[in-house]
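The numbers here are math on the coordinates, done by the rules we state, and not lab data. As the structure is a prediction and not an experimental result, all values here were calculated from the model. Here Cβ is always computed from backbone atoms with ideal geometry, including for glycine, and neighbour counts include all displayed protein chains.
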Amino acid sequence: MVETGHFALVLAFALSLVQMLVPLVGARTGNQRLMAVGGPVTVTGFALTALSFTALASAYAGSDFSVANVWENSHSLQPMIYKITGTWGNHEGSMLLWVLILTFFGALVAVFGNNLPATLKANVLAVQGMIGAAFFLFILTTSNPFIRLNPAPVEGRDLNPVLQDLGLAIHPPLLYLGYVGFSVCFSFSVAALIEGRIDASWARWVRPWTLVAWMFLTGGIAMGSYWAYYELGWGGFWFWDPVENASFMPWLAGTALLHSATVMEKRSALKIWTLLLAILTFSLSLLGTFLVRSGVLTSVHAFATDPARGVFILCILTLFIGGSLALFALRASSLTAGGLFHPISREGALVLNNLFLTTATATVLVGTLYPLALEALTGGKISVGAPFFDLTFGPLMLPLLAIVPFGPLLAWKRGDVIAASQRLMAAFALAIAAMLVTGLFIDGGSVFAALGVGLAVWLIAGALTDLAVKSGAGSVAPAVMLRRFAGLPRSVFGTALAHLGLGLTLLGIVGTLCFGSEKILTMRPGETVELSGHTLRFEGLFPQKGPNFTEDRARFLLIGADGNANGEISSAKRFFQARQMATTESGIRTLGLSQLYLSLGDEGNDGSVVVRLWWKPLVTLIWGGALVMMAGAAMSLADRRLRVGAPARRRKPAAALTSPT
Amino acid sequence: MLFWVIAAILTLGASLAVLLPLTGGMKGASAPGDHDLEVYRDQLSELDRDVARGLIQPGEAEEARAEIGRRILRLGAAERPASASASSSRGIRLVASLAVLAVPLLSWGLYGVLGSPDLPSQPLAERLAKNPADSSVDELVARAEAHLAANPSDGKGWDVLAPIYLRLQRFPDAITAYRNAIRLDGDSAVRQAGLGEAIASAAGGIVSADAQNAFEAALKLDPANAKANFYLAVGLAQEGRKDEAVAAWQKMLGQLPLDSPWRSAVQQALAEAGPPAVAASGPDAQQMEAAQQMSPQDRQAMIETMVAGLDDKLKQNPRDEEGWMRLIRSYAVLGKPDQAREALGRAVAAFGADSEQAKKFTAFAASLGVTATE
């Protein structure tokens, strides 16, 4: 089974070479048969990759330590779920997951792409084949998960304890679905550049892919943030860590792409810019993939340990980013620009959005890569952290968030700011009221807190106003309004939900940062501590044994106002024998939208333990908002109106206008 | 064999995926313009809906309609001539045949380099299920571990596993196993002595206080336990109380039955104790044997050469914790306190005065009667 998987992977590589060359030649020469090869080859390539991945996963599930990769990252005593998730909890396996998703998306294009012009489809599949071939070759030559050991060791080295968590089951697959989803947008862009023309329906074909990728990336980032929040035990939800920035950059660029693609789809404007954004977004995804797993960041060290891998990664990055940008430079001038619009219009607002988002992306990119470049050139080590991003990223986001509610209310081509402002009066009043209440009545309220809460309320109310206005609130009878509301296109709901989610996330961030409180103290069993109106009693440390670890679990009882216990929080320090590593399991209790967060420090000799306790008001909104954003994307995706119909070539083969002249 | 059949079927499937479209019939092609026209029509109807919803002013909508109309007109004009000869020229036939050939050649060639086709899968369950007689010791241990993971209160299991761990030099596991056996099946001299040996071995042969306690517990249950007696004497020697150690060993020789396996160990220890002692780690068996056949002077010379060799090795590679402890002990045992002190100084310097290791060295040396020079 293992060797079958290995063989399937090699075969998939061979097919990806065919996929990248034959349809391309077919499209250049106009040969239908060569172009037709793309579809079946892509689908077969996906089936083989899936077989290969299944073989590796089953080796993990069966603790087959004759596979070096399994031996390095698994242990026979691990619970089954972590055995399986361990498949992608390491560099080699995660690369295999990456190509699995890549070939899956390629197969989707092949199967559902019948409405694409033949040459465009052939070129898109060829570009997907190029990406696939590069990754297959990378896996086979430098990161092969199927290398065998003979004789097989009896016991594995265990999965990194930090990764033995449900988060590993969800976070990387979501993130990769996001990263790789953008590869389809990239392939469409490069295909358009190869052909030298952008079909009118290009934006419509790209739109669902952008939405899918953006949706999964949003989920992946949110999940990653929550995972870091509860697993690392530091109580933070975002650290501006290079690895986090790596996924955030494609998200920012992808958000810009989502908006510019709307303009392109509706108004055929911003064509060239959208192509460029698609290329940039996927380039950042590639960078992100390698930053996380393979340490381009810690490149100095990674290259020393495995020069072949590092050089290969650099080659892939240079080839795809440099190659596509060069192609863009060569061909962009020959592409026709699209529709016209006034500066103040929906299009104008979206251009402004793009401007802010791309600048923000550049800021994050600089903050992430500058320390690296500096280290590589001068050897000096600096760390660029939250202060840098607060000073650069923050000021860019403020005006962007402030204009978000205006966008959906402006008309296409020529908008009326005054009219839009009048419609937003209620939302504005609500935001001001929220600011005043925060600033004047809530303890710990600062200017920043008031501003943040006001902005969040402004976003939420603005999103709701958009829906109300479009249903005709104020001008028609309630019954009519309800009917109109139900009849609104789903993409309108999608926009409103996504903007609403943004507001919720912002509210969560502001709430946690400004109104949270924190205590660090030493507690003995029986002692109580009070934080922001919640009383906790420390019951003691209890040793326990898990399947592949031992732990000291500290139990705390939440004491209500009446003196009775109404709930328990427990936090633990785990020790994993196989890796000789300790982890901290934080204790979290959700109360409404807020959370009480508890993490253990060092133990004293007398049964006392250092306890770090946080009160995090509204913190769940951070991730809840991301879920709402995902729902918005899903809603937008479900908008049938914007699907592309295949030209009815059989019913009316030659419509008057298209007959060759 | 099965693998090659599967591989052949997979290759066949992949080749067919390339071959079939190349030989298939030509579908009626649609000109790219058809797609564009479809979109422009859609845009026109969408414009009407937007006007109805008030998303665009009627004047602008008129303009937009004109824009789309112009695009439709341009579409007709830019229509490309029917694509170049679809007939298969020689070049295209070449590409096609290359593609079909490339799949099997490339995959079998590459797999031949990378793969290990003869190696079957070995899931853990399968390895554990096979006949115990065919299993390696490691596998038997793994099987016992799996059994104990399921039944952690099987004292007999721990009792069986503990000495095996000891022999496999998995000392921490041996300690746990002995402790579990003692906890579940009660004290016995053999178990306590084994625990002591495991603790001592885990510490690189040093009989620590913990180990000493275990040996003493064993002697309480069985005063004649050879292992406990032997190691307690080793501990005495390590503390520098060589005379007492020699006395203990000599007493053992008097008591041990003639066929006891411990006799040779005790004799060896005695031979080394006059003056050198302890062989927990150091010279290999061959050297030991050679040493036994030498005259006392030669033996002394050989031991000194070996110690000097160790000293040299540590000069080149000073981060060898166990090596330093052996060196300090050797000098102490050879009756060269100055050199022992000097070795301690170098050991501490090698790891830094504040390091864990430095503390360990100092404590260890103190137990041998060597104190650091200040």
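Using a Förster distance of 35 Å, how high is the FRET efficiency between residue B:216 and residue B:300, based on the Cβ-Cβ distance and rounded to 0.05?
Numbers: r = 33 Å, r/R0 = 0.96.
Calculated transfer efficiency: 0.55.
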So which DSSP H runs in chain A come out at 18 Å plus along the axis (Cα) with average Kyte-Doolittle of at least 0.5?
A:2-29, A:32-61, A:91-112, A:118-142, A:166-195, A:271-294, A:346-378, A:386-403, A:425-441, A:447-470, A:490-515, A:620-637
Set Lys and Arg Cβ to +1 and Asp and Glu Cβ to -1, take the dipole of the range A:517-616 about its Cα centre, and tell me which of A:611, A:548, A:538 lies farthest positive.
A:548
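Only four residue types carry charge here, +1 at the Cβ of Lys and Arg and -1 at the Cβ of Asp and Glu. Report the dipole size of the protein assembly as shown about the Cα centre in Debye, rounded to the nearest 20.
On the way: 80 positive and 79 negative charges, 947 e Å.
Around 4540 debye, computed over the protein assembly as shown.
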Starting from the Cα of residue A:232, step 7 Å along the direction of its Cβ; do the same at residue B:357; then give the gap between the two resulting points in nm.
3.2 nm
Förster radius 56 Å - calculated FRET efficiency between residue A:311 and residue A:425, Cβ distance, rounded to 0.05
0.40
Regarding the range A:381-515, what whole-number volume in Å³ per residue does the convex hull of its Cα atoms give?
148 Å³
Please report the spacing between the Cα centers of the range A:6-74 and the range A:381-395 in Å, no decimals.
42 Å
For the ranges A:242-251, A:432-441, what's the packing order if you count other beta-carbon atoms within 10 Å of each residue, average per peptide, and put the highest first?
A:242-251, A:432-441
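When you look at the Cβ of every residue in A:18-30, what mean number of other chain Cβ atoms sits within 10 Å? Mind showing how you got there, number by number?
Values: counts 11, 3, 0, 4, 10, 1, 1, 6, 5, 1, 1, 9, 8.
Average neighbour count from other chains, rounded to a whole number: 5.
How many Cβ atoms of partner chains, on average, are near each residue of A:112-123 if near means within 10 Å of its Cβ?
Details: counts 0, 0, 0, 3, 2, 8, 6, 3, 2, 0, 0, 0.
What the average comes to for A:112-123 is 2.
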log₁₀ I(q)/I(0) of the range B:90-213 at q = 0.11, 0.12, 0.23 Å⁻¹, via Debye over equal Cα point scatterers, no solvent, to two decimals?
-0.55, -0.60, -1.23
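Give a quick list of chymotrypsin sites (Phe, Trp or Tyr not before Pro) in the range B:313-374 that DSSP marks as loop, anything other than H, G, I, E or B, with at most 11 other Cβ atoms within 10 Å. Kindly include the intermediate steps, with their values, before the conclusion.
Working: sites: B:324, B:331, B:351, B:361, B:364; in loops: none.
Loop-located and lightly packed - none at all.
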Quick one: check the C-alpha center-to-center distance for the range A:146-198 versus the range B:160-187, whole angstrom.
43 Å
Skipping prolines and chain starts, which residues have an amide H placed within reach, meaning under 5 Å, of the one on residue A:555, given they are 5 or more residues away or on another chain?
A:539, A:540, A:542
Quick check: pseudo-label points 7 Å beyond the Cα along Cα→Cβ at residue A:417 and residue A:447, how many nm apart are they?
2.4 nm
In nm, to one decimal, how far is the modelled label at residue A:535 from the one at residue B:140, with both set 7 Å along Cα→Cβ?
6.2 nm
Given Cβ point charges of +1 (Lys, Arg) and -1 (Asp, Glu) and nothing else, what value in debye, to the nearest 20, does the dipole of the range A:379-538 about its Cα centre take?
620 debye
Taking each residue in A:51-64, count the Cβ atoms of any other chain within 10 Å of its Cβ, then average. What number comes out?
2
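From the helices alone, meaning DSSP H stretches of at least four residues, give me the mean residue ellipticity at 222 nm for the protein assembly as shown, per-run term -39500 (n - 2.57), in deg cm²/dmol to the nearest 500. Intermediate results must be reported in sequence, preceding the final value.
On the way: 40 runs with 684 residues, N = 1035.
Calculated mean residue ellipticity at 222 nm is -22000 deg cm²/dmol.
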If you average 1/r over every pair of different alpha-carbon atoms in the protein assembly as shown and take one over that average, what Kirkwood value in Å do you get?
34.2 Å
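At 0.36 nm per residue, and after removing the present C-alpha to C-alpha distance, how many nm does the segment from residue B:52 to residue B:70 gain when stretched out fully?
Difference between extended and current length: 4.2 nm.
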At 20 °C and 1.002 mPa s, the Stokes-Einstein diffusion coefficient in µm²/s for the range A:1-60, with hydrodynamic radius from the Kirkwood sum on alpha carbon pairs, is 178 µm²/s
Charge dipole of chain A about the Cα centre (unit charges at C-beta), most positive-ward option of A:19, A:138, A:512:
A:19
Among rounded, prolate and oblate, which fits the range A:517-616 when a ≥ b ≥ c are the square roots of the eigenvalues of its C-alpha gyration tensor, a/c under 1.5 means rounded, and a/b larger than b/c means prolate?
prolate
Dividing the convex hull volume of the alpha carbon atoms of the range A:13-112 by its residue count, what do you get in Å³ per residue?
91 Å³
By what distance, in whole Å, do the Cα atoms of the range A:56-126 stretch along each of the three principal axes, largest value first?
53, 18, 16
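Explain nothing, just the number: dipole magnitude of the range A:517-616 about its Cα centre with +1 on each Lys and Arg Cβ and -1 on each Asp and Glu Cβ, in debye rounded to the nearest 20. Write down the numbers at each step before the final one.
On the way: 12 positive and 12 negative charges, 64 e Å.
With Lys and Arg at +1 and Asp and Glu at -1, about 300 debye.
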Let me know the Kirkwood hydrodynamic radius for the range A:128-236, please, with Cα pairs as the basis and the value in Å to one decimal.
17.2 Å
